[in-house]
Amino acid sequence: MTMEAATATLTAGNDRPVHSAPQGPIKIQARDVNVYYGDKHAIKHLDVDIPQHSVMAFIGPSGCGKSTFLRCINRMNDTIPICRVTGKIEIDRRDIYDPSLDVVQLRAHIGMVFQKPNPFPKSIYDNVAYGPKIHGLARTKSEIDAIVESSLRKAGLWEEVKDRLAESGTGLSGGQQQRLCIARAIAVSPDVILMDEPCSALDPIATAKVEELIDELKSNYTIIIVTHSMQQAARVSQRTAFFHLGTLVEEGPTDVIFSTPKDKRTNDYITGRFG
Amino acid sequence: MTDMSFQGPAPAVARQATESADIFKKRIQQRYRAETRFKWYGIIAISFSIAFIALLFVSIFATGLPAFTQHFLVMDVPLKAESIDPSGKRELKELASADYFGVAGEALRDKFPEVTNRRDRTRLVQLLSNGAADPLRAKVLGEPGSIGSTAKLGLPLSANADIYFKGGVTGIDKIAGRGVLTPSGTTGDISLTSSSNEFSSRLVVIKRDIAERARQLRREADRIESSGATAAQVQQLREEARVLQGRFDAVSGAEALDDRMPSMLVAVNGGIIKLTRIDNATATGEVLRPLSSASEARPGSWEVLTLTTPESNRKVTDKEVVWLEALKSQGQIERRFNWGFFTAGDSREPELAGIRGAITGSFLMLIVTLALCVPIGVMAAIYLEEFAPKNWITDIIEVNINNLAAVPSIVFGLLGLAVFLNFFNMPRSAPFVGGLVMALLVLPTIIIAARAAIKAVPPSIREGALGVGASHQQAVFHHVLPLAMPGIMTGTIIGMAHALGETAPLLMIGMIAFIVDVPTSFTDAATVLPVQIYLWSDLPELAFKAKTAAAIIVLLVFLFVMNGMAIYLRKRFERRW
Amino acid sequence: MVTIYLTVFAILALTGFFAGHRRAIAVAGGNTRALHSLPTYHGMYTLATVVIPMLIVLLVGFPLVNMLAGQSAISHFPADLQADALKRAATMRDIVNLAGGRSMASVTGELQRAAASYSNVLNIGNWIVVGLGLLAGVGAIFLATGRISLTFRARNNFEKFVLAVLIACSAVAILTTIGIVASVVLETYRFFFDPAIKGKPGISEFLFGLDWNPQAAMRAEQGNIQTAYGFVPLLVGTLLITLIAMAVAVPIGLLSAIYLSEYAGPRVRAFAKPALEILAGIPTVVLGFFAALVIAPSIKGFGESIGLSVASESALAAGLVMGMMIIPFISSLSDDVINAVPQSLRDGSYAMGATKSETMKLVILPAALPGIVSAVILAFSRAVGETMIVVMAAGLAANLTFNPLAAVTTITVQIKTILVGDQEFDSAKTLAAFALGFVLFFVTLILNYIALRVVQKYREQYD
């Protein structure tokens, strides 16, 4: 999915309330998803399609459910005992909440990058090698070495750390740590990478580097990014979804959402009336 | 949005995954097996701890619960004036010092006129506890008019007799006689003849034993022969073995019973005979209770009793068993709650020993501990948390407190011995000194708990008070401290529970002496509950084992109540700011 | 006598309070708002000025009188007795007993005179102390009430007093440590260097000797049993039992903590956590009894059934039960450190598709390792210092062996054995117990210090 394709969809004309159906193969499809935290209805009747090899941004005010939905996609919500999910989320047409599906296998195909960089208190090398090791993706040391190097290269960190792979990952700067976490995520060759406000703890220069990286990664991965910054959403994403109070208000090509939103709430939010 | 379709190629990674799906699947299975294994390690670890606790409680309770009851001989005792008050003046002093145990013993002896032997008469009387005199004395002193009459009283039995009735001495197998039994007499040594092979099964066991002994002797002979002993020695062993083997081979040869084998008693015609020698159908024995007649006993009207523990392995002889069973069959044995356990001090006689002295000692000690360590602990906590400047002195105090909390308790005992007893010449074995040592021992615990409680009070409370012009001390004592009080009390109770269960330092300062009297002041010689437990656990008498466990039960109940109080306080006053 | 003093003390303190209170009202002429501090504070200020001197007189006076009385009593005896510390202490006990009116078996005239002089000095001295206290108290009241005026800052002065009391209370912890250090260090010094102590070993003999047999000291003349103060068998015995305990407690405690924090459902947790707390609250004397009653006989029985010779007081039994004692210790400390590992690390690992056990083994445990190490060190130090379990379940004979089925003895058992019962404070045997106490105290001190430092470092990492 490219920018051109999205614009093409727009120009083709579409009079449905949602701007346009995405072109190209659909990677993730959600239908009537509801999430409850105990009694709290955190996400209400959510439908969305996420196209392959593109960047999708989730925006919206705090507590609107965007992070919650993100964590549904790799079933991180399973670790919260009071959380309950209904509806259907499919990846490659496979229902990820199907009881027969193995969550460990699922997460091996979906990488995740968190708000705060959370490198393991191990060496840089071990941080990246962790996933390949537990999933048995490599048999020999040299294979792992190769994966570590290519992951770090893809994450744009190789040149900075190649001489100190044995040093602790926690000793890197914030931006480096976050890129290390991205390298760690792509080391297991996922199809999808979820990013939960990956730049909120970073300074502008580190942010720019991570955004550049996201742009490069989209040719191989389907990326979903939750962000508070509308400029960031506009910079990195091809499609944007606006969440408000647990509902998906509006979803469409990023430039359309930011220039001519259909919904008043979207308009209010992007023009800074609330949020 | 609904009419979407998959048209693009499958993603590269997915394709790769399909190719290596088998390997991946295998790997996943392996990982899940490891996961399950790991989880089971945890379950096993937890179960192990819980099983240990269960075993501990079950064994302590099984051992200790019987000690809460005691067997009494309920008997009509003639309060003969000539033995209680020979002078007839009814003087209290004379009445108080009369030989009541003798009176009780006489009454018991009168119940067994057949016991004439001097040694047996002594043994009979010793079935009663030395404490049997107490109910008699109480009766006479309370009611001097009863002298000369007969009183029905419950007299405590000796520890061994008590244990016998609790089943701790021997098991008894009863088998009804199958044949017609003919006794040769009614008293003395008599022989018994049955029309069926009543004793053969026991005889087989005995003979088998003999054969085993013969085999051992032969083996021993072979051993010393090869190691170069003289021929005479070897020959002697061989000869002994041959004799034994001969006894085994003779199928119907009579064998003697000795006190290393289970005892066999025959109850027939109202009497009891202890068998000394048995054959398949005949036996000889000594009459312990006279028979009413020497007439033939029909099958089923008589029985063979086997006391499974050999006589030499128990503290209650066959005769005593017979006497006790006779008393029991007359309904004169009663099992009662053992109040004496809570009202008496320590004693060398297990059936008289109680924990009142120890509980009082613990109580006195805890009062001292409480009175010292709560004010000191709370004030130290207030200072450190509220007033102490951040400097190296405060740092040293803090490190110090943390270290003191982890110093072995026996070291506090050394401190008490060297400083309190030796330097300040304080009295040994006194609850006051014990309380002093315990106060130092639990002080760190209380300071740490109190500091946590004070820290938990939010600064806004303090600032509010300062805002209306209170001094820092007023803010702390009027506002912060009352709010921290529940937390401090919880910590205090836990500290006191710790002090109640602590033993080692008290041994150092002499609270380990054998003390019969219940202490009445802080400087009396005293012992405490855990030390009492330790003292009793060291005694060889079986009855003290049960007493030890019973004292442990009491201690655990106290601790349980104290910890329950702490939990209640915590729940009741828990406040989230 | 002390009771009389305390009564006078209480009366004067109360009098002081009311005198100060009334004086303040009188000074203000009924208008208490004119005062700098409330009348109550003036009362408390006066009370404090009474308490300080009277407390000093109490704490200095009575011990001083006691000492003087002892000196005057002992001066009735010849100089050689006065020089011999052992005999002097014994005589002093007799004097005190006689003066206290307790009956004695043999009373010499000398002793009688000494006791009379003792009670005499004690009596006069005590009355002087009471008189001094009275004087100090009354004087303080007059002094304090004299200072009261409208502008007098009674509250500030009283708060200074309170602060001093608070500081004094905090100092108790320091005094305790000083007391411990002084008693073990002084007695240990005497054990090694005091020429008056007979039969003492050299330092190297103590540290490296392979025989421990202090009991012979009492009856060395009875036979050819050699007194020996070799520390090595005790060290080996202590280590053997402690290592058995650690071998039981570390895996069980750690796995329990992991299971309870990561796997167990709320119902299991609600049941298992209090169970572990109960185990932690069981007094060690109970565990010792249990070891001797159940565990040791079972081990002996089992061992003999498979043909091993097992001592009835085997190190294994004591070690097992001691391990049980420290399981809750390790599990609760490990639980704390495992829970202190930030959730983000768990999330990171789960998001990579790691299973719970992989996350635990590869991420959380390595991250929590310093905390767990310090928990293990603390547990080790606690096991080394534990007394009752080993007293009741381990042996007395100092066998130098690493066989867990044999009976060994420990440092704490020896301290207890030597010091329980009548002891002469100046014999090498008694002092040996203090030397052992010295070793115990400093070993545990060092272990605790290391553990606390490790934990501190660990906390800093995640704060």
Checklist line | Residues of region B:423-435 satisfying the condition of being in a helix (DSSP H, G or I), open to solvent by 10 Å² or more (accessible area, probe 1.4 Å) and in contact with a Phe, Trp or Tyr (Cβ under 6 Å, 6 or more places away or on another chain) | finding: B:432
Margin query: I need a count of the residues in region B:195-234 that are touching a Leu at 6+ places or on another chain (Cβ under 6 Å) and either touching a residue at least 40 places away in the same chain (Cβ under 8 Å) or among the hydrophobic types (A, V, I, L, M, F, W, C) (or both).
Written below: 4
Checklist line | Checking residue B:547 against (1) in a helix (DSSP H, G or I); (2) surrounded by fewer than 17 Cβ atoms within 10 Å (Cβ to Cβ), the condition it does not meet | finding: (2)
Checklist line | Residue satisfying all of: in region C:117-162; in contact (Cβ under 8 Å) with a residue 40 or more places away in the chain, among the small types (Gly, Ala, Ser) and closer than 14 Å to residue C:54 by Cβ; surrounded by the fewest Cβ atoms within 10 Å (Cβ to Cβ) among these | finding: C:139
Notebook entry, point to check: Would region B:511-523 turn up any residue that is of a type in the set (A, V, I, L, M), assigned to a helix (DSSP H, G or I) and either crowded, with 16+ Cβ neighbours inside 10 Å or modelled with pLDDT under 90 (or both)?
Noted result: no
Check: Using beta carbons and a limit of 7 Å, which pairs, at least six apart or on different chains, have the first residue in region B:147-168 and on the phi < 0 side of the Ramachandran plot and the second one of a type outside the set (Asp, Glu) and open to solvent by 50 Å² or more (accessible area, probe 1.4 Å)?
Finding: B:151/B:139; B:153/B:139; B:154/B:336; B:158/B:126; B:160/B:315; B:163/B:542; B:168/B:542
Next item on the list: Tally the residues that are acidic (Asp, Glu) and at pLDDT 90 or above, restricting the search to region B:450-480.
Entry: 0
Check: When you scan region B:438-486, how many residues do you find that are open to solvent by 20 Å² or more (accessible area, probe 1.4 Å) and within 46 Å of the chain's Cα centre (by Cα)?
Finding: 13
Next item on the list: Name the residue, out of C:254, C:243, that is within 22 Å of residue C:404 (Cβ to Cβ), surrounded by 19 or more Cβ atoms within 10 Å (Cβ to Cβ), in contact (Cβ under 8 Å) with a residue 24 or more places away in the chain and more than 7 Å from every other protein chain (Cβ to nearest Cβ).
Entry: C:254
Checklist line | Sole residue being closer than 25 Å to residue C:383 by Cβ and either at pLDDT 90 or above or in contact with a helix residue (DSSP H, G or I) (Cβ under 9 Å, 6 or more places away or on another chain) (or both), chosen from B:505, B:431, B:427, B:486 | finding: B:505
Notebook entry, point to check: Before we move on, is residue B:334 acidic (Asp, Glu), outside any loop (DSSP other than H, G, I, E, B) and either open to solvent by 30 Å² or more (accessible area, probe 1.4 Å) or more than 20 Å from residue B:528 (Cβ to Cβ) (or both)?
Noted result: yes
Next item on the list: For region C:78-183, please list each of the helices (runs of 4 or more DSSP H) lying entirely inside it that holds at least 2 residues being of a type in the set (Lys, Arg) and over 37 Å from the mean Cα position of the chain (by Cα).
Entry: C:109-147
Check: Do you know which residues across region C:361-375 are within 7 Å of another protein chain (Cβ to nearest Cβ) and either open to solvent by 20 Å² or more (accessible area, probe 1.4 Å) or in contact with a strand residue (DSSP E or B) (Cβ under 6 Å, 6 or more places away or on another chain) (or both)?
Finding: C:362, C:366
Next item on the list: For region B:346-399, name all the residues that are among the hydroxyl-bearing types (Ser, Thr, Tyr) and within 38 Å of the chain's Cα centre (by Cα).
Entry: B:347, B:360, B:362, B:369
Next item on the list: Could you look through region B:255-271, keep only residues that are of a type in the set (Gly, Ala, Ser) and not in a loop (DSSP other than H, G, I, E, B), and pick out the one that is most open to solvent (accessible area, probe 1.4 Å)?
Entry: B:256
Next item on the list: Keeping to region C:183-210, report how many residues are open to solvent by 40 Å² or more (accessible area, probe 1.4 Å) and not basic (Lys, Arg).
Entry: 13
Check: When you go through (1) surrounded by 21 or more Cβ atoms within 10 Å (Cβ to Cβ); (2) among the acidic types (Asp, Glu); (3) within 37 Å of the chain's Cα centre (by Cα) one by one for residue B:209, which number turns out not to apply?
Finding: (1)
Next item on the list: Take region B:280-292 and flag every residue that is part of a loop (DSSP other than H, G, I, E, B) and either in contact with a His (Cβ under 8 Å, 6 or more places away or on another chain) or modelled with pLDDT of 85 or more (or both).
Entry: B:290, B:291, B:292
Check: Inside region B:355-376, can you point out the residues that are within 15 Å of residue B:444 (Cβ to Cβ) and more than 8 Å from chain C (Cβ to nearest Cβ)?
Finding: B:369, B:372, B:373, B:374
Note to self: Kindly evaluate residue A:214 against the criterion of being touching a residue at least 60 places away in the same chain (Cβ under 8 Å), under 13 Å from the mean Cα position of the chain (by Cα) and not in a helix (DSSP H, G or I).
What the structure shows: no
Margin query: Residues that are open to solvent by less than 30 Å² (accessible area, probe 1.4 Å) and modelled with pLDDT of 85 or more: does region B:78-87 have at least one?
Written below: yes
Next item on the list: State the number of residues belonging to region B:470-485 that are away from chain C (no Cβ under 14 Å) and hydrophobic (A, V, I, L, M, F, W, C).
Entry: 3
Margin query: Looking at residue C:173 and the list (1) modelled with pLDDT under 90; (2) more than 8 Å from chain B (Cβ to nearest Cβ), which single condition is not satisfied?
Written below: (2)
Next item on the list: Search region B:491-512 for residues being more than 23 Å from the chain's Cα centre (by Cα) and among the hydrophobic types (A, V, I, L, M, F, W, C), and hand back the single one that is nearest to the other protein chains (Cβ to nearest Cβ).
Entry: B:508
Item checked: Residues within region A:137-160 that are over 23 Å from residue A:218 (Cα atoms) and touching an Asp or Glu at 6+ places or on another chain (Cβ under 8 Å), tallied -> 0
Next item on the list: Check B:533, B:553, B:515, B:488 and return the single one that is more than 11 Å from chain C (Cβ to nearest Cβ), in contact (Cβ under 8 Å) with a residue 12 or more places away in the chain, of a type in the set (A, V, I, L, M, F, W, C) and farther than 28 Å from residue B:452 by Cβ.
Entry: B:515
Note to self: What's the total number of residues in region C:403-419 that are away from chain B (no Cβ under 11 Å) and either closer than 22 Å to residue B:417 by Cα or open to solvent by 10 Å² or more (accessible area, probe 1.4 Å) (or both)?
What the structure shows: 5
Next item on the list: Confirm whether residue B:76 is out of contact with any Gly (no Cβ under 9 Å at 6 or more places or on another chain), in contact (Cβ under 8 Å) with a residue 40 or more places away in the chain and farther than 20 Å from residue B:348 by Cβ.
Entry: yes
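The values are calculated or read from the model by the stated rules, or taken from the named source; none is laboratory data. In this text the structure is predicted, and so the values were computed from the model without any measurement. All Cβ positions, glycine included, derive from the backbone under ideal geometry; neighbour counts span all protein chains shown. What goes into the accessible areas is simple: the full protein's heavy atoms, side chains included, and nothing from ligands, DNA or RNA. Shrake-Rupley method; radii C 1.70, N 1.55, O 1.52, S 1.80 Å.
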